[in-house]
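Engineer: Sharing a structure here in structure tokens format.
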Amino acid sequence: MGLTAPVPDDAPVPDFLATTRAGYDTIAADYAEHFRAEWADLPLERGMYGAFAELVRAAGSGLVADVGCGPGQLTAHLHTLGLDVLGIDLSAGMVAVARRDHPDLRFHLGSMTALPIADGVLGGLVANYSIIHIPPEVLPTVFAEFRRVLAPGGHLLVAFQVGEDILHLSSAFGRDIALDFRRLMPERVVELLERAGLSVQARLRREPRPHERSPQAMLLARRSSGRRE
């Protein structure tokens, strides 16, 4: 189904990936419970994912990957929209929770810096608040990976917080962690996507809800051909 062999668990990874993985392994169960009903309160995001699903279905282009899927809530939502979807996450703890909560769906370990997916097999890819853990200098590598695994005409939807600062969390849900959340400016992300050969088709920016610290953004992009533009 287009998957390749994942990187072994004991393979060396950059420090930022190891720290991110350890943090989410620590809070996986608490995180899943806290965000279990999140989609009920996100009408604008549901609209964007509905449009994404409609575009993927209309192209008849098949498999979709939810990259940085966490406990699988979005993966399950995309499944209800009629997509053939699988989840990929760096954290074994998150993957275990996702498999427990959504046993009818597929979840795999993997990093967005080297996706365990063959070239050009995806009709769609989503990265919902997962690129926020990637240092700026690594984002071009990540977006090149996204383009590599997308089929010509395949669609990408990314979501992130808006800004230029870094939120560092040393604890969450009463547990010690070390996670950096990088805010991103939409214009900069658009520039990097376009450089990677992913043409941005639509943009959403909304103001923060009462419990959020910054505006939120979503970008819908498309791989326009089989060659780099």
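Engineer: Looking for whichever is in contact with a Gly (Cβ under 9 Å, 6 or more places away or on another chain), at pLDDT 95 or above, of a type in the set (A, V, I, L, M, F, W, C) and open to solvent by less than 40 Å² (accessible area, probe 1.4 Å) here; the options are LEU184, LEU220. Which one fits? Walk me through how you get there before you give the answer.
Structural biologist: Numbers: LEU220 fails: in contact with a Gly (Cβ under 9 Å, 6 or more places away or on another chain).
Matching residue, one of LEU184, LEU220: LEU184.
Engineer: Considering (1) touching a helix residue (DSSP H, G or I) at 6+ places or on another chain (Cβ under 6 Å); (2) crowded, with 17+ Cβ neighbours inside 10 Å, say which one ALA178 fails and leave the rest.
Structural biologist: Among (1) touching a helix residue (DSSP H, G or I) at 6+ places or on another chain (Cβ under 6 Å); (2) crowded, with 17+ Cβ neighbours inside 10 Å, the lone unmet condition for ALA178 is (2).
Engineer: Do we have any residue at all in segment 79-87 that's buried (at least 17 other Cβ atoms within 10 Å of the Cβ), of a type in the set (Asp, Glu) and modelled with pLDDT of 95 or more?
Structural biologist: The answer is no, given that none of the residues of segment 79-87 is buried (at least 17 other Cβ atoms within 10 Å of the Cβ), of a type in the set (Asp, Glu) and modelled with pLDDT of 95 or more.
Engineer: Let me ask you something else. Return the only residue of VAL126, VAL142, VAL138, VAL190 being under 13 Å from the mean Cα position of the chain (by Cα) and either of a type in the set (Gly, Ala, Ser) or part of a helix (DSSP H, G or I) (or both).
Structural biologist: VAL142
Engineer: Since GLY2 meets every condition but one in (1) at pLDDT below 95; (2) more than 29 Å from HIS168 (Cβ to Cβ); (3) surrounded by 17 or more Cβ atoms within 10 Å (Cβ to Cβ), which condition does it not meet?
Structural biologist: (3)
Engineer: Here's another thing I want to ask about it. Any residue in segment 98-109 that is touching a residue at least 60 places away in the same chain (Cβ under 8 Å), more than 17 Å from the chain's Cα centre (by Cα) and more than 15 Å from PHE52 (Cα to Cα)?
Structural biologist: Scanning segment 98-109 turns up at least one residue that is touching a residue at least 60 places away in the same chain (Cβ under 8 Å), more than 17 Å from the chain's Cα centre (by Cα) and more than 15 Å from PHE52 (Cα to Cα).
Engineer: Which condition number in (1) in a helix (DSSP H, G or I); (2) open to solvent by 40 Å² or more (accessible area, probe 1.4 Å); (3) within 26 Å of VAL13 (Cα to Cα) is the one that ALA58 fails?
Structural biologist: Tallying (1) in a helix (DSSP H, G or I); (2) open to solvent by 40 Å² or more (accessible area, probe 1.4 Å); (3) within 26 Å of VAL13 (Cα to Cα), ALA58 fails exactly one: (3).
The values are calculated or read from the model by the stated rules, or taken from the named source; none is laboratory data. Everything numeric here is computed off the predicted structure, so don't read it as measured data. Note that we place each Cβ from the backbone using ideal geometry, even for glycine, and neighbour counts take in every protein chain shown. These area figures cover heavy atoms from the full protein model, side chains too; ligands, DNA and RNA do not enter into them. Shrake-Rupley method; radii C 1.70, N 1.55, O 1.52, S 1.80 Å.
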